[in-house]
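This report refers to the structure that appears directly beneath it.
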Amino acid sequence: MSQNIGVKTEKNLWAAFAGESQANRKYLAFAEKADAEGHTQVAKLFRAAAAAETVHAHAHLRVAGGVKSTSENLQEALGGETHEFTEMYPQMIEEASAEGESPALRSFSFANTVEKIHAALYKKALDSLGNNAQTDYYVCKVCGNTIEHAPEGPCVVCQAGPSAFFKVD
């Protein structure tokens, strides 16, 4: 629990953070769909609302004490990613497979593989914290694979071509 925050208020801050975070992601997906359908003004509105939801989510997270030092944040991120690929996604993969849900199985499997990559990148960053070595990161828009430096071939996770990657600034 965060210092000087009531139990109910802290619980509410975390719930609000989760809700605002989900709204942000949902609105960005809605914007992408609106753009694809030629509704550029609606897409712009969805992106504006998504940005506002990010402002809200960040405020709730800060007040709840969820933003700490970079070292602590890297350790938390590493722990979260490790939980996802060791516990969360394996169970989801098993259940989707048992139910014959191929699209969900593919989505969960891609995410599970990429969470391992994220964990390794966080560990590397934690180990070299303070070195300030510069590298560019690229993300595959098909599976989320995250790599250092520009892609030189197909995605190792989903086999999408190099053009599926976008540079993160």
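The values are calculated or read from the model by the stated rules, or taken from the named source; none is laboratory data. Here the structure is a predicted model, which means the values were calculated and not measured. Note that we place each Cβ from the backbone using ideal geometry, even for glycine, and neighbour counts take in every protein chain shown.
Table for the structure above
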quantity: Test: residue in the range 144-153 that is touching a Ser or Thr at 6+ places or on another chain (Cβ under 8 Å) and either modelled with pLDDT under 95 or under 16 Å from Glu81 (Cα atoms) (or both); calculated: yes
quantity: Residue within the range 72-89 that is among the charged types (D, E, K, R) and buried (at least 17 other Cβ atoms within 10 Å of the Cβ) present; calculated: yes
quantity: Count - residues of the range 1-54 that are assigned to a helix (DSSP H, G or I), in contact (Cβ under 8 Å) with a residue 24 or more places away in the chain and within 17 Å of Gly65 (Cα to Cα); calculated: 8
quantity: Among (1) under 18 Å from Cys143 (Cβ atoms); (2) more than 14 Å from the chain's Cα centre (by Cα); (3) surrounded by 14 or more Cβ atoms within 10 Å (Cβ to Cβ); (4) among the charged types (D, E, K, R) - the single one Glu32 does not satisfy; calculated: (3)
quantity: Failed condition for Ser128, given (1) surrounded by 14 or more Cβ atoms within 10 Å (Cβ to Cβ); (2) of a type in the set (S, T, N, Q); (3) over 17 Å from the mean Cα position of the chain (by Cα); calculated: (1)
quantity: Scope the range 22-53; condition in contact with an Asp or Glu (Cβ under 7 Å, 6 or more places away or on another chain) and not hydroxyl-bearing (Ser, Thr, Tyr); matching residues; calculated: Ala23, Asn24, Ala43, Glu53
quantity: Members of the range 69-127 found to be among the hydrophobic types (A, V, I, L, M, F, W, C) and free of Cβ contacts under 8 Å to residues at least 24 places away in the same chain, listed by number; calculated: Met88, Met92, Ile93, Ala96, Ala98, Ala104, Leu105, Phe108, Ala120
